[in-house]
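K.L.:
Would you mind keeping the following structure in view while I ask a few things?
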Amino acid sequence: MVITANNPDRKTWLNIPKNTDFPIQNIPFGVFLTRDDIITIGTRIGDYAIDLGALHQLGYFEGIALTDDIFLQDSLNDFIADGRKTWRAVRNRIAEIFDEKNKSLQENKEHQKVILFTLDEIEMQLPVQVGDYTDFYSSKEHAQNVGEMFRGKDNALLPNWLHIPVAYHGRSSSIIPSGIPIRRPLGQKMPNGAETPVLGPSRALDFELEMAFITTDANHIGEPIPVAEAEEHIFGLVLFNDWSARDIQRWEYVPLGPFLGKNFASSISPWIVTLDALEPYRTTSPKPVKEPLSYLKSEGKKTFDINLEVAIQPDGKKETIVCKSNFKYLYWNMSQQLAHHTINGCPVKSGDMMGSGTISGKEKDSYGSLLELSWNGKKPLKLKEGGDRKFVHDKDTVILRGYCENKKVRIGFGECSTKVLPAIKPK
Ligand code: MN
């Protein structure tokens, strides 16, 4: 099926802002609460949220095989489980409905009243119920920087890194949508020079600039997913801020890896941009330094040119952009990550989320964490307003943004914005 929804020349009859992240060529999927406290699956064009449950009830998806309640749900898991053909048919139909040449909804004010919402009338929810969350470590620049800080330049990359898309299993219960504030975590830390650990608020709270992809039901237990088929099982992508407490992490991580320093919160942008919508922005990954084993060999353009940035906004002050990076810098792409994840037969389900790992580039202003940007606190980062930062302060808001752009169309992910509240006092 052709992805007619991506037609770069299509215009919508909706009145939308010029450089919006959500032109009619994007058509992402999300879940929102309406002013009447009804939860529904929706999409977004410009600054309109569109109730897909209402569209479906009014017959606008006629001819597409969908169950009656597919959009009247509090998560996209069932819709995602319907598979790529359905996602594509629905996106194509939404593009048609809002095409300026199509008069049906355009001239039906009664229908518009129940289908269209302005953004201040809705509250975005988590788009999927995340069953399992895995976090990769796929940026060579990031792994190199962190390794250099803790082990020195010569041993920066561990021997497995160029052969395996390294990852750990995270925790899905603390994945939250943009806009929900987080508390500075408490934890056990071993201060420099001390002999016994202490409990206290993290003093090294950090963001991680990542993206995460969301899968459909992909395989049965025991069956690996071949690298060439992996994209068939990927629904789309969100911005992902994988909050990290470096001091807690440093003391706890030996020998089993990340635990409480990582699992207190991860924030995501609420609209899932589909792999179909990203199609025009395909590009190649960096050339492998070492030839991977054949199950990880990936041909052609298997990544996407997505511009990323992070801003820090101190309370009541102007924001400063502290990092500009790109999804295409990742050494291991999503197909390789999914092939590796399942080579042992590990089953992947609809709604599973796979974080890319911090996405750093080569330049010093492209590092995707404060750990790297401030070089472990040695070079505090100057903000335009609100002083400098080694790590994130209380009441700071950290904002991730991402967009793709070619000569004809720009599509984006909106924002993943999270404010940090002070720690709770330990009892
Ligand atoms: Mn991470």
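K.L.:
Going from the alpha-carbon gyration tensor of the stretch 4-124, what semi-axes, largest first and in whole Å, does one get by taking the root of 5 times each eigenvalue? Write down the numbers at each step before the final one.
P.N.:
On the way: eigenvalues 76, 61, 41 Å².
Three semi-axes, in Å: 20, 18, 14.
K.L.:
I've got another one for you. Counting other Cβ atoms within 10 Å, keep those with at most 10, restrict to DSSP loop, and tell me which GluC sites (Glu not before Pro) in the stretch 290-364 are left. Please report the intermediate quantities before stating the final value.
P.N.:
Working: sites: GLU299, GLU309, GLU319, GLU363; in loops: GLU299, GLU319, GLU363.
Taking the stretch 290-364 and a limit of 10 other Cβ atoms within 10 Å, the loop GluC sites (Glu not before Pro) found are GLU299.
K.L.:
Report the normalised scattering of the chain as log10 I(q)/I(0) at q = 0.11 Å⁻¹, calculated by the Debye formula with identical scatterers on the alpha carbons.
P.N.:
-0.84
K.L.:
Return one whole number: the accessible area per residue of the chain in Å², for a 1.4 Å probe.
P.N.:
Details: 19350 Å² over 427 residues.
Result: 45 Å² per residue.
K.L.:
Separation of the stretch 302-325 and the stretch 76-126 by C-alpha centroid, Å?
P.N.:
29
K.L.:
For the chain, build the charge dipole from Cβ charges (+1 Lys, Arg; -1 Asp, Glu) around the Cα centre, then report which of MET124, VAL254, SER178 sits farthest towards its positive end.
P.N.:
VAL254
K.L.:
Between LYS395 and GLU121, what is the label-point separation in nm under the 7 Å Cα-to-beta-carbon projection?
P.N.:
Inter-label distance under the simple model: 3.6 nm.
K.L.:
Highest mean first, what order results for 11-23, 34-46, 334-346, 258-270 on Cβ atoms within 10 Å?
P.N.:
The most tightly packed comes first, giving 258-270, 334-346, 34-46, 11-23.
K.L.:
Where a Cα-Cα gap under 23 Å defines reach, which lysines qualify for LYS189, not counting those fewer than 8 residues away within the same chain?
P.N.:
Leaving aside lysines fewer than 8 places away in the same chain, those within reach of LYS189 are LYS262, LYS378, LYS379, LYS390, LYS395, LYS425, LYS427.
K.L.:
When the helix-only estimate is applied to the chain (DSSP H runs of n ≥ 4, each -39,500 (n - 2.57), divided by the residue count), what is the mean residue ellipticity at 222 nm, nearest 500 deg cm²/dmol? Walk me through the numbers on the way to the answer.
P.N.:
Numbers: 9 runs with 68 residues, N = 427.
Rounded to the nearest 500, the figure is -4000 deg cm²/dmol.
K.L.:
When the Cα centres of the stretch 190-240 and the stretch 357-425 are compared, how far apart do they sit, in Å?
P.N.:
Centre-to-centre (Cα) distance: 18 Å.
K.L.:
Using a 1.4 angstrom probe on the protein heavy atoms only, line up LYS390, LYS364, LYS189 by accessible area, largest first.
P.N.:
The ranking, largest first, comes out as LYS364, LYS390, LYS189.
K.L.:
Please arrange VAL227, VAL238 by accessible surface area, largest first, computed with a 1.4 Å probe and ligands excluded. Don't skip to the end; give the middle numbers.
P.N.:
On the way: VAL227 25, VAL238 0 Å².
Largest accessible area first, the list is VAL227, VAL238.
K.L.:
Moving to a separate point now. May I ask which residue of ILE272, SER325, ILE343 lies farthest towards the positive end of the charge dipole of the stretch 269-427, with charges of +1 (Lys, Arg) and -1 (Asp, Glu) on Cβ and the Cα centre as origin?
P.N.:
With unit charges placed on the Cβ atoms, the residue in question is SER325.
K.L.:
Report the relative contact order of the chain, percent, no decimals, based on alpha-carbon pairs under 8 angstrom and at least 6 residues apart.
P.N.:
Details: 1021 pairs, mean separation 87.6, N = 427.
Rounded, it is 21 percent for the chain.
K.L.:
At 0.36 nm per residue, minus the direct Cα-Cα distance, what do LYS301 and ASP47 gain on full extension? Give it in nm, one decimal, please. Each step should come with its number before you reach the end.
P.N.:
Details: separation 254, 0.36 × 254 = 91.44 nm, distance 3.18 nm.
Here the segment from LYS301 to ASP47 would lengthen by 88.3 nm.
K.L.:
Please give the contour-minus-distance gain from GLU100 to GLU385: 0.36 nm per residue of separation, less the Cα-Cα distance, rounded to one decimal in nm. Kindly include the intermediate steps, with their values, before the conclusion.
P.N.:
Values: separation 285, 0.36 × 285 = 102.60 nm, distance 4.39 nm.
Separation in residues times 0.36 nm, less the Cα-Cα distance, equals 98.2 nm.
K.L.:
What distance in nm lies between label points placed 7 Å from Cα along the C-beta direction at GLU229 and LEU421?
P.N.:
4.6
K.L.:
Which is farthest toward the positive dipole end of the stretch 4-124 among LEU58, ALA5, THR43, measuring Cα position about the Cα centre, with Cβ charges +1 (Lys, Arg) and -1 (Asp, Glu)?
P.N.:
Of the candidates, ALA5 comes out farthest on the positive side.
K.L.:
Taking the Cα centre of the chain as origin, sum charge times position over the Cβ atoms of Lys and Arg (+1) and Asp and Glu (-1), and report the length of that vector in debye to the nearest 20. Show your work: numbers first, answer last.
P.N.:
Numbers: 52 positive and 55 negative charges, 328 e Å.
Magnitude of the dipole: close to 1580 debye.
K.L.:
Going by the alpha-carbon gyration tensor, a ≥ b ≥ c the square roots of its eigenvalues, is the stretch 260-349 rounded (a/c under 1.5) or, if a/c is not under 1.5, prolate (a/b greater than b/c) versus oblate?
P.N.:
Details: a/c = 2.05, a/b = 1.60, b/c = 1.28.
Verdict is prolate for the stretch 260-349.
K.L.:
Could you look at the stretch 4-124 and say what percent of its accessible area is carbon and sulfur, using a 1.4 Å probe and all protein chains?
P.N.:
Values: 2550 of 5610 Å².
The value for the stretch 4-124 is 46 percent carbon and sulfur by accessible area.
K.L.:
Please report the net charge: other residues with Cβ closer than 10 Å to the Cβ of THR67, K and R +1, D and E -1. Before the final figure, lay out the partial values.
P.N.:
Details: positive: none; negative: ASP68, ASP69, ASP78, ASP82.
Surrounding charge for THR67 is -4.
The values are calculated or read from the model by the stated rules, or taken from the named source; none is laboratory data. Note that this is a predicted model, so its numbers are computed, not measured. Reconstructed Cβ throughout: ideal geometry from the backbone, glycine too, with neighbour counts over all protein chains shown. Note: accessible area is taken over every heavy atom of the protein model, side chains too, but ligands, DNA and RNA are not part of it. Shrake-Rupley method; radii C 1.70, N 1.55, O 1.52, S 1.80 Å.
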